[in-house]
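The values are calculated or read from the model by the stated rules, or taken from the named source; none is laboratory data. Being a predicted model, the structure only gives us computed values, none of them experimental. Cβ coordinates were reconstructed from backbone atoms using ideal geometry, including for glycine residues, and neighbour counts include every protein chain displayed.
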Amino acid sequence: MQEFDLVIRGGQIVSSSGISQADIGIRDGRIVAMGSLESSSGKASVDVTGCHIFPGAIDTQVHFREPGLEHKEDISTGTHAAICGGVTTIFEMPNTQPTTTSQEALADKLARSTARAYCDFAYFVGAASTNLEHLAEFEMLPGSPGIKMFAGSSTGDLLVEGEGDQRKVMQNGTRPMSIHSEDEARLRHLKESLGENLHVRQHPDVRDAEAARLCTERMIRLCEETGRPIHILHISTKEELPLLADAKKRGLPVTCEVTPHHLTLNSDQYETLGTLIQMNPPVRSEDHRLALWNAVKEGLFDVFGSDHAPHTLEEKAKPYPNSPSGMPGVQTLFPVMLDWSLKGELPLTQLVKMLMERPAELFGIAGKGHIQVGYDADLVVVDLERKWTVTNEAMKSKCGWTPYAGRELKGAIEHVFLRGEQVVQGGISLERPIGQPVKFTWK
């Protein structure tokens, strides 16, 4: 008789290849057996009959604001929000204060996470004019998924604007590089021409679709020129879609992300939600939202990401354009996309592919993304029939609000396991900050 640390019994396991029932035997944080384990014993056992079991979600784009802006969010509150939303792994962005542009800054974030992070974590190093010659070295540092380049306006010295410097960034390294793609020259032109006395409904004009299209076109051209794999974040326009489809058809190493807010919200909601949905790149008109959905269904996008970027309600209350861009989203990433799936917009199998399996494959994450023998036991148990209503009070983010407040969603998270340790039980956090640095397979 096999003995396990934990046996999870009776669940329906969801993968990109289908749904099947199996018990899961866990030992030392990993899945060591699957199938009918009725004759096996475990030090602990959880019966999840009637529920579906998903791999832990992987959010490859969050901003947790630490160091420097902890009044908005910190590593503890951000990862707590993540784990309560079924996200067991996060990649955090470098536009903190100071920016994560050196080995020392990366080491500082990793140290800050010890005994404070509720999910597993890795931290991007930002490309900057000051560190171009070190990027190939930095992208291989333990605890980092690689390099992030801001080709449009950002924080501090993280803007890499000129094509020459953008080419140098791509020439320094081999791992897929994540990119914020907006054309800075056009953004400046639009800001100057539109003036200051604007309403937030004009945000999609201040950062228009052409700014995104121009930059994405250039990024694809530089990818083809240098051979560097690129991953373009938060695609928001219908104009970028044929460029991406053509690049993939030609076999270029181009991948791309779409967010729940660009798939769920449209510009009509500036009238009710105002600056709460002010994002870069913007939430746009309904024709863009529908085009993004068509691209999801055609398989163009590789991953879903939240672009979790919290600000306080006081900051958001400032009159546009002095209000900051960004909204929280890590805790609602999986629930919102699961709700869309249960409404029939995408199969559960595709949801798992884009939110769990493909991020692990794309970034070379070791031992995550699948419910298979040998993998980390990162598991999310969901009651697909139960409906619930999103509230600000339920959000673990320090900012304390969500643009989805009041929205009814179908599919409720019951339990979450991180490397075989239960961290959410009956939908309630067990307050266990046991997160560890993500390990990668890149050599």
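Scanning the range 24-63 for residues being in contact (Cβ under 8 Å) with a residue 40 or more places away in the chain and closer than 27 Å to ALA360 by Cα gives a total of 25. Checked against (1) surrounded by fewer than 24 Cβ atoms within 10 Å (Cβ to Cβ); (2) within 16 Å of the chain's Cα centre (by Cα), THR332 passes all but a single condition, namely (1).
Restricting to the range 281-293, give me the number of residues that are touching a residue at least 40 places away in the same chain (Cβ under 8 Å), surrounded by fewer than 21 Cβ atoms within 10 Å (Cβ to Cβ) and not hydroxyl-bearing (Ser, Thr, Tyr). Show your work before the answer.
Restricting attention to the range 281-293, the residues satisfying the condition of being touching a residue at least 40 places away in the same chain (Cβ under 8 Å) are 281-285, 287-288, 291-293.
The next check asks that each one be surrounded by fewer than 21 Cβ atoms within 10 Å (Cβ to Cβ); those that pass are 285, 287, 291, 293.
Filter once more, so that each one left must be not hydroxyl-bearing (Ser, Thr, Tyr): 287, 291, 293.
Final tally of qualifying residues: 3.
Restricted to helices (runs of 4 or more DSSP H) entirely inside the range 219-304, those with at least 1 residues that are of a type in the set (Ser, Thr, Tyr) and over 17 Å from the mean Cα position of the chain (by Cα) are 270-273.
From the residues in the range 125-164 that are part of a loop (DSSP other than H, G, I, E, B) and in contact with an Asp or Glu (Cβ under 7 Å, 6 or more places away or on another chain), which one is farthest from ILE75 (Cα to Cα)?
First, the residues of the range 125-164 that are part of a loop (DSSP other than H, G, I, E, B): 127-131, 139-146, 151-158, 160-162.
From the residues that got through so far, the ones that are in contact with an Asp or Glu (Cβ under 7 Å, 6 or more places away or on another chain) too are 128-130, 146, 151-153, 161.
Values: ALA128: 23, SER129: 27, THR130: 26, GLY146: 19, ALA151: 25, GLY152: 25, SER153: 24, GLU161: 29 Å.
Here the answer is GLU161.
When LYS398, LYS387 are screened for being closer than 27 Å to TRP293 by Cβ and either among the aromatic types (Phe, Trp, Tyr) or surrounded by fewer than 22 Cβ atoms within 10 Å (Cβ to Cβ) (or both), only LYS387 passes. Of all residues in the range 165-189, those satisfying the criterion of being surrounded by fewer than 16 Cβ atoms within 10 Å (Cβ to Cβ), outside any loop (DSSP other than H, G, I, E, B) and of a type outside the set (Lys, Arg) are GLN171, ALA185, HIS189.
Consider the range 335-387. How many of its residues are among the aromatic types (Phe, Trp, Tyr), part of a helix (DSSP H, G or I) and more than 15 Å from the chain's Cα centre (by Cα)?
Here is the first cut: in the range 335-387, the residues among the aromatic types (Phe, Trp, Tyr) are 340, 363, 375.
So of that shortlist, the ones also part of a helix (DSSP H, G or I) come out as 340, 363.
Filter once more, keeping what is more than 15 Å from the chain's Cα centre (by Cα): 340.
Number satisfying all stated conditions: 1.
Being in contact with a Lys or Arg (Cβ under 8 Å, 6 or more places away or on another chain) and under 19 Å from GLN278 (Cβ atoms) narrows it down to one residue among LEU214, LEU187, LEU132; which is it?
Residue meeting the stated conditions: LEU187.
Checking each residue in the range 65-90 for being buried (at least 24 other Cβ atoms within 10 Å of the Cβ) and out of contact with any Lys or Arg (no Cβ under 9 Å at 6 or more places or on another chain) picks out GLY86, VAL87, ILE90.
Against the test of being buried (at least 19 other Cβ atoms within 10 Å of the Cβ) and under 25 Å from SER153 (Cβ atoms), the options ASP23, ASP59 yield a single qualifying residue, ASP59.
Given the structure, is VAL381 surrounded by 20 or more Cβ atoms within 10 Å (Cβ to Cβ), β-branched (Val, Ile, Thr) and assigned by TED's automatic domain parsing to the domain that holds PHE64? No. Being within 24 Å of GLY146 (Cα to Cα), in contact with a strand residue (DSSP E or B) (Cβ under 9 Å, 6 or more places away or on another chain) and either modelled with pLDDT under 95 or outside any strand (DSSP E or B) (or both) is a condition met by at least one residue of the range 34-56. Scan the range 91-113 and give yes if some residue there is touching a helix residue (DSSP H, G or I) at 6+ places or on another chain (Cβ under 7 Å), among the basic types (Lys, Arg), in the same structural domain as PRO328 (by TED's automatic domain parsing) and modelled with pLDDT of 95 or more, otherwise no. Yes: one or more hits.
For LEU252, state whether it is without any contact (Cβ under 8 Å) to a residue 40 or more places away in the chain and within 23 Å of ARG218 (Cα to Cα). It would help to see each step written out before you state the result.
Working: without any contact (Cβ under 8 Å) to a residue 40 or more places away in the chain: yes; within 23 Å of ARG218 (Cα to Cα): yes.
Yes; evaluated as a whole, the condition is true for this residue.
When the residues of the range 391-440 are filtered to those that are of a type in the set (Val, Ile, Thr) and assigned to a loop (DSSP other than H, G, I, E, B), the one that is nearest to GLN269 (Cα to Cα) is THR402. Charged (D, E, K, R), closer than 30 Å to VAL416 by Cβ and out of contact with any strand residue (DSSP E or B) (no Cβ under 9 Å at 6 or more places or on another chain), is that true of ASP108? Answer is yes for this residue.
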